[in-house]
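Here is the structure we will look at, set down as structure tokens.
The values are calculated or read from the model by the stated rules, or taken from the named source; none is laboratory data. Keep in mind the model is a prediction, meaning the values are calculated, not measured. Using ideal geometry, Cβ is built from the backbone for each residue, glycine included, and neighbour counts are taken over all protein chains shown.
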Amino acid sequence: MLKNFWYAVEFSAAVTGSPTPVKLMGENYVLYRGEDGQVVAMRDRCIHRGASLAGGWVEGNCIRCPYHGWRYEADGTCVHIPADQAGTPIPKRARIDSFPIEERYGLVWLFVGDLPAEQRPPIPALPEYGDPAWRMITGEYTWNAHYTRVVESGLDSSHAPFVHSVFFNLRDDAEVPPYEVQMEDWSATARTISKPPKRAGLLKLIVKRDRPFSSATLTAHMPNINRIHLDFNFRGYQYIYFASNIPVDENTTLTKWIGLRNFLPQAWADWNSRKNTNDTYLEDKAVIESQVPRVVPLTGEILLASDSLQLAYRKLIRQCVERGWAVGSDYGIPSVSVSTNGNGKAPIEVSVG
Ligand code: FES
Ligand SMILES: [Fe+2]
């Protein structure tokens, strides 16, 4: 897991005047919205005797611990200890860490790390958000898996005929045409072409099946965001899936996703759109939760030309590990296991650039 990034940890609408607990990279945080409308993030542990502040309540822009009523300002400073005699000074150490927050795209982004503001990798762009041409739905789901395996499944163009066979039904035609990977400082993107889905729920009623191809532009934004931009090659119909795959801990990922479509803008079509996303999740979950090792290794495995985008993602992870941004045990200790393909040949190296 990697520090020094903005993590979208909750939908803005879920953060209110009632404290909300969130867990990120094994640490507990509490979020709340003060009366000034600003979201506050603090470590969810009272400095007095360790109670969770998420069980407390908000007063103005402050939060009150539910155990003995200590009151904390938005910057984490304790400003009231009810059990003290009036006039007793508050100990200097009576403060809790608070963390930078941004709200964007209806999501609350929490920064955990030690980089000053101007050096932080930016929150990725989502220009379609808020554009009236795009109808939005949101959702969430949980994986018993490391987030890197989840991100990689969203970069993977060769699994669809197998994992999503109901949708694609193309197992005997599973070749992935060569594609280019574009790498930027904090992202890797590729546009892949595929045969159109045979069954696409509602879409099958409105999209002709004789199209030569549809395309998917797949992006990994470091370290945990998938953007999947599908172009159905029919009347400009497109669907964008933008997902924050939150590393809750080393074996749990909570995905908060936004789905945007520029066709069928009516509310009645939301159900179908959400069902397609959830069905796809359940199919992916079955294989992703079976993968060993749990964390994507930075060496080993056999990556082929069709895996070039995953290779690029691993390259970006490695760069972050080399910067010293790894936290926890997954990349804190470099992996030393290297597998071969069993016939003595080295894994095929694919260059990206
Ligand atoms: S544990 Fe929070 S006030 Fe005592
Ligand atoms: Fe998938």
Q: Can you confirm whether segment 297-309 contains a residue that is buried (at least 16 other Cβ atoms within 10 Å of the Cβ) and of a type in the set (Ser, Thr, Tyr)?
A: yes
Q: Give just the number: which of (1) touching a residue at least 24 places away in the same chain (Cβ under 8 Å); (2) assigned by TED's automatic domain parsing to the domain that holds PHE11 does ASP75 not satisfy?
A: (1)
Q: Assess whether ARG93 counts as being charged (D, E, K, R) and farther than 27 Å from TRP6 by Cβ.
A: yes
(Q) For the structure I just gave you, tell me whether ALA86 is closer than 25 Å to PRO223 by Cα and over 17 Å from the mean Cα position of the chain (by Cα). (A) no
**Q.** Matching residues, segment 215-262, being under 29 Å from ASN4 (Cα atoms) and part of a loop (DSSP other than H, G, I, E, B)
**A.** MET222, PRO223, ASN224, GLU250, ASN251
Q) Any residue in segment 31-44 that is under 20 Å from GLU140 (Cβ atoms), within 16 Å of ligand 1 (Cβ to nearest atom) and in contact with an Asp or Glu (Cβ under 6 Å, 6 or more places away or on another chain)? A) no
